[in-house]
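Since the structure comes first, as structure tokens, the remarks are kept for the end.
The values are calculated or read from the model by the stated rules, or taken from the named source; none is laboratory data. The model shown is predicted, which means the values in this text are computed figures rather than measured ones. Neighbour counts are summed over all protein chains in view; Cβ atoms, including those assigned to glycine, are modelled from backbone coordinates with ideal geometry.
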Amino acid sequence: MRKIALATCSKLPQLTDDDQLLLNSLAHAGVSAEPVVWDDMDVNWQRFSGVVIRSCWDYHKRVDEFLDWVDLLEKQDIHLLNPPEVIRWNSNKRYLLDLKGKGVSIVPTIFLQRNSNANLKGLLNDRGWQQAVVKPVVSATAYQTWLTSFDHAESDQSKLEKMLAGFPEIMIQEFLGVIRIGGEWSFMFFDGHFSHAVLKKAKPGDFRVQDDFGGKAFRQVPGQHWVNQAESILQAIDKVPLYARVDAIEIDRKLILMELELIEPVLFLGMDEEAPDRFAKAITQMFAALN
């Protein structure tokens, strides 16, 4: 196998600390891997036998450019993992509706197009939602994400209108308070096989579980019934991805999908000492099957 590229962003040219753990595991598997900034115009991508997307943490702010890059690799017959069609589909959170159509339980969600004449209080009232989360349909790390409530909807109306003017599309989801109590699960999968899981919890007074906002992740060993449910969510998509992270909350012993992360998720490789080797093995096997 020739060298593979681990795509990253210019702010993380050597990958995140977590993704760097993958380099040694790939080397031990006989694979030469190199971090490469995805939008570096001087890169000759054809010198790589394949590209794995990792620390591309700026894609959501430049999604059109990012998808153009995905198109470029595809036109040059460079193997990209996850595959281009998966990346395109997963880049817009409307994918949640596709999964709902296949029987996956998701958080109640509505989508609004740019400049929609929407009344926030009316939307919440019509659905009986006491609280809701508002965010763009292309988002990562709680980017431009905020919490509103029925009591504050009138004062938040201008904030909603600003978002509707600034983004092609936004989404509003019912806020389920269980996340403040039980946290949010993240299940990691490599080549369709469960690897490990973490439980993420927000800091007191917040709702965002990302560490950027004070959230913390804890290594947890989930019961098999949780793993089975996470697997069934992943099986709802047409292709088995190289890597996937299923983010979900638990309500009445059932997983409710928050997000299915297939582009550049943190995979918490440092939370399980065998996870980097599992990921490296999946990369090796999948590229071997493609070449």
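Taking the listed residues 87, 106, 179, the one that is β-branched (Val, Ile, Thr) and within 30 Å of residue 3 (Cβ to Cβ) is 87, with no other qualifying. Helices (runs of 4 or more DSSP H) fully within region 75-190 that include at least 1 residues being of a type in the set (Val, Ile, Thr): 84-90, 178-182. Taken over region 14-29, the criterion of being among the hydrophobic types (A, V, I, L, M, F, W, C) and either part of a helix (DSSP H, G or I) or closer than 11 Å to residue 279 by Cβ (or both) is satisfied by 21, 22, 23, 26, 27, 29. Considering only residues in region 219-238 that are among the charged types (D, E, K, R) and either closer than 13 Å to residue 189 by Cβ or part of a strand (DSSP E or B) (or both), the one that is modelled with the lowest pLDDT turns out to be 219. Of all residues in region 235-256, those that are touching a residue at least 40 places away in the same chain (Cβ under 8 Å) and on the phi > 0 side of the Ramachandran plot total 0. Here the condition is being closer than 27 Å to residue 94 by Cβ and of a type outside the set (Lys, Arg); of 229, 285, it holds for 229 alone.
Listed by first and then second residue, the pairs linking a residue in region 264-287 that is of a type in the set (S, T, N, Q) to a residue that is surrounded by 20 or more Cβ atoms within 10 Å (Cβ to Cβ) and part of a helix (DSSP H, G or I), with Cβ atoms under 9 Å apart and 6 or more places separating them unless they lie on different chains, are 284/26.
Kindly establish whether residue 3 is farther than 30 Å from residue 235 by Cβ and over 20 Å from the mean Cα position of the chain (by Cα). It is true that residue 3 is farther than 30 Å from residue 235 by Cβ and over 20 Å from the mean Cα position of the chain (by Cα). Filtering region 233-289 down to residues that are over 20 Å from residue 84 (Cβ atoms) and of a type in the set (Val, Ile, Thr), which residue is surrounded by the most Cβ atoms within 10 Å (Cβ to Cβ)? This residue is 246.
Considering 72, 67, 21, the condition of being within 21 Å of residue 267 (Cβ to Cβ) and aliphatic (A, V, I, L, M) is satisfied by 21 alone.
For the residues 137, 86, the requirement of being hydrophobic (A, V, I, L, M, F, W, C), modelled with pLDDT of 95 or more and surrounded by 15 or more Cβ atoms within 10 Å (Cβ to Cβ) singles out 86. Filter region 71-102 down to residues that are aliphatic (A, V, I, L, M) and within 13 Å of the chain's Cα centre (by Cα) and give me whichever is nearest to residue 257 (Cα to Cα). Across region 71-102, the extreme among qualifying residues is 96. Which one is modelled with the lowest pLDDT, of the residues in region 1-42 that are touching a Gly at 6+ places or on another chain (Cβ under 8 Å) and surrounded by 13 or more Cβ atoms within 10 Å (Cβ to Cβ)? Ranking the qualifying residues of region 1-42, first place goes to 1.
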